[in-house]
Amino acid sequence: MTSFFPDGVMLPPLLGDLFPPYALSRADAALLLRVQGILDADIAPHAADHDRNGRYPVHAVSLLKQAGLLMLPVPRAYGGMGATQALSLEVMVRIAAADPAVAQIYKVHDDLVREIFSYATPAFCHHLAQHIMSEHAIIGMAVAENGRTADSFLQTLAIGQSDGQWVLRGRKIYATGAAGADLIAISSFDPQAAQHQGDARAGLRFDIVPRSAPGLRILRDWDRMGQRATDSGTVILDDVRVSAASNALAPQSVLPVHTSLRHQAGFSAILVGIGIGALRAGCAFVAHHSRPWGAAQVEHATDDPYVQRMVGEMGADLSVAYCAVRQCGELLDLYERGGLSRAALAMPVSAARSVATRAALRATSDILAATGARGTDALHGFDRYWRDARTLSLHDPVDWKNAEIGRHLLTGWTPEPGPYQ
């Protein structure tokens, strides 16, 4: 690969020269190259086993912990790397190309750290940073609830106690990362506080709780067709005691209005990574195992012009999606510096989600047309790429992203901040 960054260090290419190179500062290079080595040698070879087992990938996450990856989003002021959003999205792409479940577990940690450090008190941030930096603590989440609609989040109650503490009671679903986390971020609602102050916002809590806290139960009942090793099952909160100090939401916290957009950009990154993983595995299979079609009159399947065309189209789609994700990272960083409106961030994020979904679903489905019938043998596990992409793509409907873009172009409408827009 030709380098135009003489003062930077290049990350290894993801798909030959198809994607633009990613240059790291020398300060970041040691960690990211170490992580890439772990992904290639220790995580990617076991991704199919993680899928079959359908349980939290303890060893894979432990390797990333020991490498120091969890400090990536921690601000420099608290001893972390203070990485840009662009770099975090690149990391998510690369982890997903190795193992999408591990990527989603890391994504939750990265998102939560960035969110919490944007509004928690300095004392809270210092304490959390120490957990992450000295104990390699990874954060999982328990936020989603089984309400009538997907954005119902006020069923878990925080009930004040006479001793100044609270007990949390409720049931959480889709608790990604919780099964193996050291700390779990739990949302809840204190109706008495909301009523006393006449403001629903005053009743919101976001407690960071150790996974071992009494009354906190993880059911390990995740049984989806894809993203199986995220182990994103049910969390039961049966009078889990918390104090004021465990609540990351300070009384006067100003909540960031672009959190949902960062979440969406991360999903796009993982989808692109899944497509990359499928295409790389498929190309290797074609080169070593596929037979050329007789009418092609070639000696090797890699010389079949129709196989070349299919692989080329899948690669082109992924290249567009990857560049859209990179743009999202740059725009997120620009927005946080005050250089961009939320609407000017939201539309490109929705566009990236749209193209990433299509590119990932096509690559993970059509790669079997390139490998041929031999590629369907369960031994090779090509089906897991599509199952992972299809499952992740349903996190929230991409049709709503397309509709938002269309509404914006037709009417000038811009989305209000919300959990999914």
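The values are calculated or read from the model by the stated rules, or taken from the named source; none is laboratory data. The structure displayed is predicted, hence computed values, not measured ones. Note that each Cβ is placed from the backbone with ideal geometry, even for glycine, and that neighbours are counted across all protein chains shown. All accessible areas refer to the heavy atoms of the entire protein, side chains included, with ligands and DNA or RNA removed. Shrake-Rupley method; radii C 1.70, N 1.55, O 1.52, S 1.80 Å.
Annotations
- Residues whose amide H falls under 5 Å from that of residue 145, counting only those 5 or more places apart or on a different chain, are 173, with hydrogens built in the peptide plane.
- Within the chain, helix-based [θ] at 222 nm, where runs of 4 or more DSSP H residues each add -39,500 (n - 2.57), nearest 500: -16000 deg cm²/dmol
- For residue 241, the residues whose modelled amide H falls within less than 5 Å of its own, excluding neighbours fewer than 5 places apart on the same chain, are 168.
- The phi torsions of segment 380-397, fed into the Karplus equation with coefficients 6.51, -1.76 and 1.60 and a -60° offset, translate into couplings of 8, x, 5, 5, 5, 5, 5, 4, 5, 5, 5, 5, 5, 5, 8, 3, 8, x Hz, rounded to whole numbers, with Gly and Pro shown as x.
- Taking the longest Cα principal axis of the chain as reference, the axis of helix 100-119 is set at about 40 degrees.
- Residue 311 accessible area, assembled protein chains, probe 1.4 Å, Å²: 30
- Here the peptides 342-354, 31-43, 249-261 are ranked by packing, the mean other Cβ count within 10 Å, and the order with the highest first is 342-354, 31-43, 249-261.
- Accessible area expressed per residue, segment 252-326, with surrounding protein chains retained (probe 1.4 Å, Å²): 46
- For the chain, the longest principal axis of the alpha carbon atoms and the long axis of helix 342-371 meet at an angle near 40°.
- Ordering of 155-168, 17-30, 49-62 by burial proxy (mean other Cβ atoms within 10 Å per residue, highest first): 49-62, 155-168, 17-30
- Residues whose amide H falls under 5 Å from that of residue 184, counting only those 5 or more places apart or on a different chain, are 140, 209, 211, with hydrogens built in the peptide plane.
- Partner lysines for residue 65 [C-alpha distance under 16 Å; skip if fewer than 8 residues away on the same chain]: 107
- Segment 407-421 - phi-based ³J(HN,Hα) in whole Hz, Karplus 6.51/-1.76/1.60, Gly and Pro as x: 4, 4, 5, 7, 10, x, 4, 10, x, 6, x, x, x, 10, 8
- Degrees separating the helix 305-336 axis from the principal Cα axis of the chain, which is the longest one: 30
- Three-way shape call for segment 375-421 based on the alpha-carbon gyration tensor, with the a/c threshold at 1.5: prolate
- Cα gyration tensor shape for segment 208-350, rounded if a/c is under 1.5, else prolate or oblate: oblate
- Peptides 274-282, 198-206 ordered by packing proxy, namely the average of other Cβ atoms within 10 Å per residue, highest first: 274-282, 198-206.
- Classification of segment 58-181 by its C-alpha gyration tensor yields an oblate form. The axis ratio a/c (a ≥ b ≥ c) is 1.5 or more, and b/c is at least a/b.
- Relative contact order of segment 130-173: 32 percent, from C-alpha pairs under 8 Å at least 6 residues apart in sequence.
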